[in-house]
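Engineer: This is the structure I want to talk about, given as structure tokens.
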Amino acid sequence: ASAQIGVTGLAVMGRNLARNFARNGYTVAVHNRTAARTRALVEEFGQEGDFVAAESAEDFVAALERPRRLVVMVKAGEPTDAVIEEFAPLLEPGDMIVDGGNAHFADTRRRERALRERGVHFVGAGVSGGEEGALNGPSIMPGGSQESYEALGPMLEKISAKAADGSPCTAHIGPDGAGHFVKMVHNGIEYADMQLIAEAYQLLREVAGHSPAEIADIFRTWNTGRLDSYLIEITAEVLAHVDSATGEPFVDVVRDQAEQKGTGRWTVQIALDLGVPVSGIAEAVFARSLSGHRELRDASRGLAGPTAEPLGKADAAAFADQVEQALYASKIVSYTQGFHQIAAGSEEYDWNIDLGAVASIWRGGCIIRAAFLDRIRAAYDARSDLPSLLADEGFAREIGEAQDDWRAVLVAATRQGEPAPGFAAALAYYDALRADRLPAALTQGQRDYFGAHTYRRADREGTFHTLWGGDRSEVPA
Ligand code: NDP
């Protein structure tokens, strides 16, 4: 046995991850269900490092030094179970299987439990950064036992992206499904970031009358400031791109129906189960779903819209500054919601997740990498028990400074009939948290009226019910 690590599943992600390990000096055993992929990898990239090509599962396992570290990069779902079933019987206690696919954290918990009984460590590791990240340095979110991290962590730290200060974009997240849970929320936040950016683009275009090329320049300027991030950077590239077939802006020739693979939906489903209000992430998922309902949209074409005129040119420049404020404020809210969900998951499953460390390892390699994450890390470093990012003095001040413009942007959007569900949900969340009193008191009254669901009073302890159908006196419940 000569390989320090093995990768099975050599499609785009697995192949690039294997090359990344090899380029960092590790001997990598490689395996794929269809052996042609294994041969192709070694033929094309064999000169990049030391690969051991294995055609059978037995040869693959035999090639690995102990404790064996076996990375599975196959299609998430049943294929992952099939591969685990194939390899687990060949492993010995102390060995580990690392699932780098986009597994649901509940599946990871189940698989970890089953393998633990056989003495095999199971590490559910979220990997973000796409194809390019897998090759040059992704952000890696490994769960599993502390013991498995000791054997695996140094290798992951080596191949992961590095933040601007040189620290690796990986850390032990917590037991069993913690890593895949954090990856799931990462993707939920990614959906929200993308939706907010899309809304900013739409408003700059439809309210302020800018062309895609002009908006690309606005985004490039934003990318030199506090919104500096990978997603803003690639947005400018996409907006500046011109379709070669028609000479039209690329963004005008693509069908306006967004697709999704499911991690955003999982984030919202789990948030509902945990009772965490991730309204911004939910709006982002729903916005994609709404865009896909072509038949509903076609049937609604004739519905009346507002009659206001677009803003004049002079206002357009000022409007762009206001949109930057609205985008930044809404971004603070979606990260507030996402980190709340991680805290709630950590509490529910006893994961003891370090939120500052999560912000830290998202600073490089992953899709939501951004200068902004340094600020979040600093907020948790200053106060590890921060109940909400909005409770951080710096974020509270910034969002306070942005709020007038944020409101103005939503007024303009509403007046001209442009949907901005992400901006609106974020502002509603902010205003609801600020409110002295919420109409939830009335909701409680209604629930007590029709279902005798009882209520608590603001002025004294206890649970009460009003005899709505009788003399309307109050009785203790
Ligand atoms: P795919 O998700 O397209 O999966 C293809 C790979 O899975 C092939 O190696 C295929 O083998 C193997 N496979 C499928 N079914 C089985 C099975 N029943 N038994 C054994 N092997 C099987 O590959 P990607 O590289 O795109 O993604 C790999 C994982 O990484 C996925 O879980 C994905 O969600 C996740 N991921 C992907 C990202 C991306 O940007 N693409 C980003 C982050 C994570 P064969 O060649 O024999 O068909």
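The values are calculated or read from the model by the stated rules, or taken from the named source; none is laboratory data. Here the structure is a predicted model, which means the values were calculated and not measured. Methodologically, a virtual Cβ is constructed for each residue, glycine included, from the backbone with ideal geometry; neighbour enumeration extends over all protein chains shown. Heads up: the accessible areas ignore ligands, DNA and RNA and are worked out on the full protein's heavy atoms, side chains in. Shrake-Rupley method; radii C 1.70, N 1.55, O 1.52, S 1.80 Å.
Engineer: Restricting the stretch 456-470 to residues that are out of contact with any Pro (no Cβ under 9 Å at 6 or more places or on another chain) and not in a loop (DSSP other than H, G, I, E, B), which is most open to solvent (accessible area, probe 1.4 Å)?
Structural biologist: Step one: of the stretch 456-470, the residues out of contact with any Pro (no Cβ under 9 Å at 6 or more places or on another chain) are 456-461, 466-470.
Subsequent filtering for residues that are not in a loop (DSSP other than H, G, I, E, B) retains 456, 466.
Numbers: Arg456: 192, Thr466: 16 Å².
So, considering only residues that are out of contact with any Pro (no Cβ under 9 Å at 6 or more places or on another chain) and not in a loop (DSSP other than H, G, I, E, B), the one most open to solvent (accessible area, probe 1.4 Å) is Arg456.
Engineer: Show the residue pairs meeting these rules: Cβ distance below 6 Å; 6+ apart or different chains; first residue within the stretch 10-22 and within 14 Å of Ser160 (Cβ to Cβ); second residue outside any helix (DSSP H, G or I) and away from the ligand (no atom under 11 Å from the Cβ).
Structural biologist: Pairs that qualify, where the first residue is within 14 Å of Ser160 (Cβ to Cβ) and the partner is outside any helix (DSSP H, G or I) and away from the ligand (no atom under 11 Å from the Cβ), are Phe21/Ile5; Phe21/Val28.
Engineer: Take the residues in the stretch 379-436 that are at pLDDT below 95 and hydroxyl-bearing (Ser, Thr, Tyr), then tell me which one is nearest to Glu324 (Cα to Cα).
Structural biologist: Of everything passing the filter in the stretch 379-436, Thr414 is nearest to Glu324 (Cα to Cα).
Engineer: Please count how many residues of the stretch 273-301 are assigned to a loop (DSSP other than H, G, I, E, B) and modelled with pLDDT of 95 or more. Lay out the reasoning, then the answer.
Structural biologist: Taking the stretch 273-301 as the starting set, the residues that turn out to be assigned to a loop (DSSP other than H, G, I, E, B) are 275-278, 293, 300-301.
Of the ones still in play, those that are also modelled with pLDDT of 95 or more are 275-278, 293, 300.
The qualifying residues number 6.
Engineer: Output the number of residues of the stretch 55-67 satisfying the condition of being away from the ligand (no atom under 14 Å from the Cβ) and either at positive phi or open to solvent by 30 Å² or more (accessible area, probe 1.4 Å) (or both).
Structural biologist: Step one: of the stretch 55-67, the residues away from the ligand (no atom under 14 Å from the Cβ) are 58-59, 61-67.
Retained after the next criterion (residues that are either at positive phi or open to solvent by 30 Å² or more (accessible area, probe 1.4 Å) (or both)): 58-59, 62, 65-67.
So the count comes out to 6.
Engineer: For the stretch 69-87, name all the residues that are more than 9 Å from the ligand (Cβ to nearest atom), touching an Asp or Glu at 6+ places or on another chain (Cβ under 9 Å) and open to solvent by 30 Å² or more (accessible area, probe 1.4 Å).
Structural biologist: The one that is more than 9 Å from the ligand (Cβ to nearest atom), touching an Asp or Glu at 6+ places or on another chain (Cβ under 9 Å) and open to solvent by 30 Å² or more (accessible area, probe 1.4 Å): Arg69.
Engineer: Name the residue that is nearest to Thr108 (Cα to Cα), counting only residues in the stretch 358-377 that are assigned to a helix (DSSP H, G or I) and out of contact with any Lys or Arg (no Cβ under 8 Å at 6 or more places or on another chain).
Structural biologist: Step by step, filter the stretch 358-377, then rank; the result is Val358.
This table checks each residue for (1) among the small types (Gly, Ala, Ser); (2) open to solvent by less than 40 Å² (accessible area, probe 1.4 Å); (3) outside any helix (DSSP H, G or I).
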residue	(1), (2), (3)
Leu410	no, yes, no
Ala413	yes, yes, no
Ala424	yes, no, no
Ala428	yes, no, no
Leu433	no, no, no
Arg447	no, no, no
Phe450	no, no, no
Arg472	no, no, yes
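Engineer: Also, I was wondering about something else. Output the residue which, of all residues in the stretch 1-32 that are within 14 Å of the ligand (Cβ to nearest atom) and part of a loop (DSSP other than H, G, I, E, B), is most open to solvent (accessible area, probe 1.4 Å).
Structural biologist: Ala11
Engineer: Follow-up question, since we're still on this one. Conditions first: (1) buried (at least 23 other Cβ atoms within 10 Å of the Cβ); (2) more than 12 Å from the ligand (Cβ to nearest atom); (3) aliphatic (A, V, I, L, M). Val52 passes all but one, so which condition is the exception?
Structural biologist: Condition (1) is where Val52 drops out.
Engineer: Within the stretch 71-81, is there a residue that is more than 18 Å from Thr8 (Cα to Cα), within 23 Å of the chain's Cα centre (by Cα) and either of a type in the set (A, V, I, L, M) or not in a helix (DSSP H, G or I) (or both)?
Structural biologist: From the stretch 71-81, those more than 18 Å from Thr8 (Cα to Cα) are none; that's our starting set.
No, because not a single residue in the stretch 71-81 is more than 18 Å from Thr8 (Cα to Cα), within 23 Å of the chain's Cα centre (by Cα) and either of a type in the set (A, V, I, L, M) or not in a helix (DSSP H, G or I) (or both).
Listed here are the residues, each with its yes/no results for (1) in contact with a Gly (Cβ under 7 Å, 6 or more places away or on another chain); (2) in a helix (DSSP H, G or I); (3) not hydroxyl-bearing (Ser, Thr, Tyr).
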position	(1), (2), (3)
Ala317	no, yes, yes
Asp321	no, yes, yes
Ala326	no, yes, yes
Ser330	yes, yes, no
Gly338	yes, yes, yes
Ala344	no, yes, yes
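Engineer: Go through the stretch 378-400 and give me each residue that's open to solvent by 70 Å² or more (accessible area, probe 1.4 Å), assigned to a helix (DSSP H, G or I) and in contact (Cβ under 8 Å) with a residue 12 or more places away in the chain. Step through it out loud before you land on a result.
Structural biologist: Filtering the stretch 378-400 down to residues open to solvent by 70 Å² or more (accessible area, probe 1.4 Å) leaves 381-385, 387, 393, 397.
Okay, now just the ones that are also assigned to a helix (DSSP H, G or I), so 381-382, 393, 397.
Residue satisfying the conditions is Asp381 alone.
To keep it simple, each residue is scored yes or no on (1) part of a loop (DSSP other than H, G, I, E, B); (2) out of contact with any strand residue (DSSP E or B) (no Cβ under 7 Å at 6 or more places or on another chain); (3) within 16 Å of the ligand (Cβ to nearest atom).
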position: Asn102; (1), (2), (3): yes, yes, yes
position: Glu112; (1), (2), (3): no, no, no
position: Phe122; (1), (2), (3): no, no, yes
position: Ala134; (1), (2), (3): no, no, yes
position: Pro142; (1), (2), (3): no, no, yes
position: Lys158; (1), (2), (3): no, yes, no
position: Asp165; (1), (2), (3): yes, yes, no
position: Val182; (1), (2), (3): no, no, yes
position: Val185; (1), (2), (3): no, yes, yes
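Engineer: Could you give me the residue pairs with C-beta distances under 7 Å whose first residue belongs to the stretch 65-94 and is hydroxyl-bearing (Ser, Thr, Tyr), whose second residue is near the ligand (Cβ under 10 Å from one of its atoms) wherever it lies, and which are 6+ apart or on separate chains?
Structural biologist: Pairs that qualify, where the first residue is hydroxyl-bearing (Ser, Thr, Tyr) and the partner is near the ligand (Cβ under 10 Å from one of its atoms), are Thr80/Val72; Thr80/Val74; Thr80/Asp99; Thr80/Gly101; Thr80/Ala103.
Engineer: Quick one: in the stretch 315-350, which of the residues that are small (Gly, Ala, Ser) and free of Cβ contacts under 8 Å to residues at least 60 places away in the same chain is surrounded by the most Cβ atoms within 10 Å (Cβ to Cβ)? Step through it out loud before you land on a result.
Structural biologist: To start, the set of residues in the stretch 315-350 that are small (Gly, Ala, Ser) comprises 316-318, 320, 326, 329-330, 334, 338, 343-346.
From what's left, free of Cβ contacts under 8 Å to residues at least 60 places away in the same chain: 317-318, 343.
Working: Ala317: 11, Ala318: 13, Ala343: 20.
Here the residue is Ala343.
Engineer: Shifting gears a bit: Applying the selection to the stretch 88-99, what residues are within 22 Å of Ala134 (Cβ to Cβ) and more than 10 Å from the ligand (Cβ to nearest atom)? Spell out how you get there, then give the answer.
Structural biologist: Let us first name the residues in the stretch 88-99 that are within 22 Å of Ala134 (Cβ to Cβ), namely 96-99.
Answer for the stretch 88-99, where residues must be within 22 Å of Ala134 (Cβ to Cβ) and more than 10 Å from the ligand (Cβ to nearest atom): Met96, Ile97, Val98.
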